[in-house]
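Notes follow the structure.
The values are calculated or read from the model by the stated rules, or taken from the named source; none is laboratory data. Quick caveat, the model's predicted, so the values are computed rather than measured. With ideal geometry, Cβ positions are generated from the backbone for all residues, glycine too; neighbour counts draw on all protein chains shown.
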Amino acid sequence: MSEGWRPAAANDGWTYRDRVARQEAGLSVSAFYAARHRHSDQGLWRARLAAGEIERNGLRLRDDPLLAAGDRLAWHRPPWREEAVPAAWAVLHDDGDLLVIDKPAGLPVLPAGGFLEHTVLRLLERRHADDPAGVPRPVHRLGRFTSGLLVCARQPASRAWLSARLRESTAAAPADRQDQGRSGCRKLYRALLEPGALALSPGQDLVIAVPIGRRPHPRLGRIWCAARDPQPGDLAARSTLTLLERQPSADLVQVAIASGRPHQIRIHAAAAGAPLQGDPLYLPGGEARAEALPGDGGYALKAWRLELTRPDGGRLHLEAP
């Protein structure tokens, strides 16, 4: 593709909308935002109020009133500078509806975490604006620094169908591998781990079933990590890790996931005592470093193979080089 990179550039800003829940009634506007969006403290939210960036029920605020249940808030975030991102990808499949690309590491899929225009979604909207079949839109997410197979679809019905199949993805126990993916979907990833931490021989499997939950984090408020102390809201998760090759510099593994939890492979590898090589966030055991964020890169993780049931009942088998 002609666009290798999108350089760092300012966007046009964005409006974030919230509605006040019953249990949040009585909070001031700044306290509401500081509690719900922990990336900024209450003093910064007061400064945004003073700058006229926040509306309540369609009226611009300058003071910091108390809120009532059902109030609708809008923060008009001014334009900000987005980092440069890789913007070229290989198309691995395109049948006029389904589009599967090999997403490069470093490119976010959807707007989040300081990215709005520098995302796969926005690039697709620009590049396919005149496509008579419609704009292909991502069916699922990959982490910003996870590369590989990303499934998109032009038709809303196809996106709904595929999204359900991806949620229902299965990875059977090692003895049942021949039956994996006969219905629904099977996803395989490859990753580089810190060398020598796994007590496995090449070809051996390790099933990891540590739950994943949100725990306190000083920079974000709460963050997804290994949940060894059960709490409400924790999510069951299961991964099967296979050691493919052991080298002095890193261990190459394949991972089949039977659930699609946030940062599941990064968390489960760390929970097994072998974090992804270069992962700045997850420590051995699966806890998160206080100074790091989920969007920080440095690790090698690839969505490598996908076996998927198509909306027409056929099967799609794809592999990223």
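Of all the listed residues (Gly148, Gly52, Gly143), the sole one being part of a loop (DSSP other than H, G, I, E, B) and either touching a Cys at 6+ places or on another chain (Cβ under 9 Å) or at positive phi (or both) is Gly52.
For the range 222-253, how many residues are part of a strand (DSSP E or B) and closer than 16 Å to Ile208 by Cα?
In the first step, residues of the range 222-253 are kept if they are part of a strand (DSSP E or B); the result is 222-226, 235, 239-246, 251-253.
Checking which are closer than 16 Å to Ile208 by Cα leaves us with 225-226, 235, 239-243, 253.
Residues meeting the conditions: 9.
Here Glu168 meets the list (1) surrounded by 18 or more Cβ atoms within 10 Å (Cβ to Cβ); (2) at pLDDT below 95 almost entirely, failing just condition (1).
If you go through the range 1-20 and keep only what is more than 19 Å from Gly58 (Cβ to Cβ) and not in a strand (DSSP E or B), you end up with Met1, Ser2, Glu3, Gly4, Pro7, Ala8, Asn11, Asp12.
Annotation: Asp63 fulfils all but one of (1) in contact (Cβ under 8 Å) with a residue 40 or more places away in the chain; (2) under 30 Å from Gly43 (Cα atoms); the unmet one is (1).
Output the residues belonging to the range 55-90 that are part of a strand (DSSP E or B) and within 28 Å of the chain's Cα centre (by Cα). Outline the logic, then answer.
Looking only at the range 55-90, we keep the residues that are part of a strand (DSSP E or B), and these are 55-56, 59-60, 66, 72-77, 81-82, 85-86, 90.
The answer is Arg72, Leu73, Ala74, Trp75, His76, Arg77, Arg81, Glu82, Val85, Pro86, Ala90.
For first residues located in the range 112-131 and on the phi > 0 side of the Ramachandran plot, partners that are part of a loop (DSSP other than H, G, I, E, B) and lie 6+ apart or on another chain with Cβ distances below 6 Å form the pairs Gly113/Gly295. When Gly313 is tested against the conditions (1) part of a loop (DSSP other than H, G, I, E, B); (2) within 19 Å of Ala258 (Cα to Cα), the lone failure is (2).
Residue by residue through the range 173-230, note down the ones that are of a type in the set (Ser, Thr, Tyr) and modelled with pLDDT under 85. Give the steps one after another, and end with the answer.
First pass over the range 173-230, keeping only residues of a type in the set (Ser, Thr, Tyr): 183, 189, 201.
The one that is of a type in the set (Ser, Thr, Tyr) and modelled with pLDDT under 85: Ser183.
Output the residues belonging to the range 91-111 that are without any contact (Cβ under 8 Å) to a residue 60 or more places away in the chain, surrounded by fewer than 17 Cβ atoms within 10 Å (Cβ to Cβ) and either assigned to a strand (DSSP E or B) or polar (S, T, N, Q) (or both). Passing the criteria: Val91, Asp94.
For the range 151-166, which residues satisfy the criterion of being outside any helix (DSSP H, G or I) and aliphatic (A, V, I, L, M)? Step through it out loud before you land on a result.
Here is the first cut: in the range 151-166, the ones outside any helix (DSSP H, G or I) are 151-155.
Hits for the range 151-166 are Val151, Ala153.
Filtered by the rule that a residue be surrounded by fewer than 16 Cβ atoms within 10 Å (Cβ to Cβ), outside any helix (DSSP H, G or I), of a type outside the set (Asp, Glu) and free of Cβ contacts under 8 Å to residues at least 40 places away in the same chain, the range 21-49 gives His37, Ser40. Contact map, the range 268-289: first residue in contact (Cβ under 8 Å) with a residue 40 or more places away in the chain and within 22 Å of Val207 (Cβ to Cβ), second residue hydroxyl-bearing (Ser, Thr, Tyr) and surrounded by fewer than 24 Cβ atoms within 10 Å (Cβ to Cβ), Cβ cut-off under 6 Å, separation 6 or more or different chains; pairs are Leu276/Tyr299.
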